[in-house]
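Here is the structure we will look at.
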Amino acid sequence: MIKEQIKDKELLDHISSLPDDKREVFLIADGEVRVSAVSATRMINEMSANHHTGLLETYMLGQGYIAGALLSSEVKGNDRIRLEIECGGPVKGMSIEAWACGAVRGYLLQNPIVLDHELKSLDTNEIYGPGFLTVTKILEGAKTPFSGQIMMEYGHLAQDLALYYKQSQETPSLFALSVHFDKLGRVWGAGGLFMQALPGCGDDVLTSLQNKASSISDIGTFISEGGTLKDYMEKEFSSFGVMRLDSSPIGFSCPCSKKGFEGYLKNLPEDEKKEILQGEFPLVLQCFNCGTEYKFEKSELEALFTEEK
């Protein structure tokens, strides 16, 4: 993977002034509720630079990346989780992969998103349209992935993820996904929450949390002002009692490489290799997941194909 440089110096200085991106896990309400929280300002800005996204695309894909980072708190070791949306709206869908170690990558099926009218708000319902949301856990050593799917009812990723956990795992859950822009349309703060009721959680606790959720401050704005996840949790949920369990870094990362693409090219049929050598150069191959472009000159491919023979 090759990361594009963020060229806006003021934005870079702002990102550098914030605490590092991370994922933290907390228990609240005497251990009855588990909360995963992420701060992701640098990750979303790096994602935007690599995928060359506009404001709307950054907002949509940014929410997906934050959701992926939150969901990855449910896997361990070398396991990863995949979030996929297929829909009939202008965005067509997205694909996000997140590893237990905190690496997140993914892409929009339609970038840029083509609209037939000007948006009056960032209401994502009409951008998604009717569609399906799928969550897949890919566990090391397991013969097959574990997957579940729901029809999207809300057209808002946070609400539809909560619906997924309610339907597929019978677990009351709540998500908050925040990408906060400044007046110039730059991502100034980004973060999210994933709250899950643990077995034995009382109805009174769930009711209290549902009431509280409607009034909590925007986590992306809080992070943009230099606040930490621990500060946010203690500010918003102090009455529930907050205990931090774990903290780990997250970031925009993809295991792709030029060598990996060389392997792909080596295995092409001979007629396709000949066709490539007769085409224009440099040959540019792009990783959908991170937007990295790998360039191959004709001499490189001639040597590569000869080596294979």
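The values are calculated or read from the model by the stated rules, or taken from the named source; none is laboratory data. What you see is a predicted model; the values in this text were computed from it and never measured. Glycine gets a Cβ as well: all are built from the backbone with ideal geometry, and neighbour counts include every protein chain shown. Just the protein is used for accessible areas: all its heavy atoms, side chains included, with ligands, DNA and RNA removed. Shrake-Rupley method; radii C 1.70, N 1.55, O 1.52, S 1.80 Å.
Report the Cys residues of the chain lacking a disulfide-compatible partner, meaning no second Cys Cβ under 4.7 Å from their Cβ.
C87, C101, C201
Residues with amide H under 5 Å of L198's amide H, sequence separation 5 or more or different chain, H placed in the peptide plane at 1.01 Å from N; which?
V33, R34
Relative to the longest principal axis of the C-alpha atoms of the chain, give the angle of the C-alpha long axis of helix 41-51, reported between 0 and 90° and rounded to the nearest 10°.
Compared with the principal axis, the helix lies near 30 degrees.
Sort K295, K92 from largest to smallest accessible area, using a 1.4 Å probe on the heavy atoms of the protein chains. Walk me through the numbers on the way to the answer.
Working: K295 115, K92 95 Å².
The ranking, largest first, comes out as K295, K92.
What is the sum of charges, Lys and Arg at +1 and Asp and Glu at -1, for the other residues whose Cβ falls under 11 Å from the Cβ of Q110?
Values: positive: K92; negative: E57.
Cβ neighbours under 11 Å give a net charge of 0.
Note down the accessible area of T221, probe 1.4 Å, to the nearest 10 Å².
Roll a 1.4 Å probe over it and T221 shows about 40 Å².
Using a 1.4 Å probe on the protein heavy atoms only, what accessible surface does F194 show? Give it in Å² to the nearest 10.
Rounded to the nearest 10, the figure is 0 Å².
What ranking of H180, H51, H117 comes out by heavy-atom accessible area, probe 1.4 Å, highest first? Mind showing how you got there, number by number?
Details: H180 55, H51 25, H117 90 Å².
These residues rank, largest area first, as H117, H180, H51.
Could you sort C101, C287 by their accessible area in this structure, using a 1.4 Å probe and putting the largest first?
I get C101, C287, largest accessible area first.
What does the charge count near V38 come to, summing +1 for each Lys or Arg and -1 for each Asp or Glu among other residues with Cβ under 10 Å from its Cβ?
Values: positive: K22, R23; negative: D21, E24.
So the surrounding residues net to 0.
Rounded to the nearest 20 debye, what is the charge dipole size of region 227-304 about its Cα centre when +1 sits on each Lys and Arg Cβ and -1 on each Asp and Glu Cβ?
Values: 10 positive and 14 negative charges, 62 e Å.
About 300 debye.
Give the shape of region 125-281 as rounded, prolate or oblate, defined through the alpha-carbon gyration tensor: a ≥ b ≥ c are the square roots of its eigenvalues, a/c under 1.5 means rounded, and otherwise the shape is prolate if a/b is larger than b/c and oblate if not.
Working: a/c = 2.26, a/b = 1.78, b/c = 1.27.
Since a/c reaches 1.5 and a/b is larger than b/c, the shape of region 125-281 is classed as prolate.
Write down Rg/Rh for region 141-217, rounded to two decimals, with Rg from the C-alpha atoms and Rh from the Kirkwood relation over Cα pairs. Walk me through the numbers on the way to the answer.
Values: Rg = 15.7 Å, Rh = 14.8 Å.
Rg/Rh for region 141-217 comes to 1.06.
If the viscosity is 1.567 mPa s and the temperature 4 °C, what Stokes-Einstein diffusion coefficient in µm²/s follows for the chain when Rh is the Kirkwood radius over Cα pairs?
Details: Rh = 20.8 Å.
In µm²/s, the coefficient is 62.
Report, in deg cm²/dmol and to the nearest 500, the calculated mean residue ellipticity at 222 nm for the chain, where each DSSP H run with n ≥ 4 adds -39500 (n - 2.57) and the sum is divided by the residue count.
On the way: 11 runs with 106 residues, N = 309.
It lands at -10000 deg cm²/dmol.
Residue by residue, what Karplus-based ³J(HN,Hα) values in Hz, rounded to whole numbers, does region 12-29 have, using 6.51, -1.76 and 1.60 with θ = phi - 60° and x for Gly and Pro?
These are the phi-based 3J(HN,Hα) values: 4, 4, 5, 4, 5, 7, 8, x, 4, 4, 7, 10, 10, 10, 10, 10, 9, 6 Hz.
Kindly report, to the nearest 10 Å², the accessible surface of W99 as traced by a 1.4 Å probe over protein heavy atoms only.
Surface accessible to solvent at W99 totals approximately 50 Å².
What's log10 of I(q)/I(0) for region 22-152 at q = 0.19 Å⁻¹, Debye sum over Cα points only, no solvent?
Each listed q maps to, in turn, -1.12.
Suppose every K and R has +1 on its Cβ and every D and E has -1 on its Cβ; what is the size of the dipole of the chain about the Cα centre, in Debye to the nearest 20? Don't skip to the answer; put the middle values down first.
Working: 30 positive and 45 negative charges, 93 e Å.
The calculation lands at about 440 debye.
How much FRET efficiency would the formula 1/(1 + (r/R0)^6) give for Q5 and H117, where r is the Cβ-Cβ distance and R0 is 45 Å, rounded to 0.05? Walk me through the intermediate numbers first.
Values: r = 34 Å, r/R0 = 0.76.
Result of the calculation: an efficiency of 0.85.
Which of G77, T58, P112 sits farthest toward the positive end of the charge dipole of region 28-116, with +1 on the Cβ of Lys and Arg and -1 on the Cβ of Asp and Glu?
Comparing the listed Cα positions along the dipole, G77 ranks first.
Find out how many positive minus negative residues lie around E24, taking Lys and Arg as positive, Asp and Glu as negative, among other residues whose Cβ is under 15 Å from that of E24. Show your work: numbers first, answer last.
Values: positive: K22, R23, R34, K230, K235, R244; negative: D20, D21, E74, D231, E234, E236, D246.
So the environment of E24 carries a net charge of -1.
Computed over the Cα atoms of region 94-176, what is the ratio Rg over Rh, Rh following Kirkwood?
Looking at region 94-176, the ratio lands at 1.01.
Roughly how many Å² is the accessible area per residue of the chain, as a whole number, for a 1.4 Å probe? Each step should come with its number before you reach the end.
On the way: 15410 Å² over 309 residues.
I get 50 Å² per residue for the chain.
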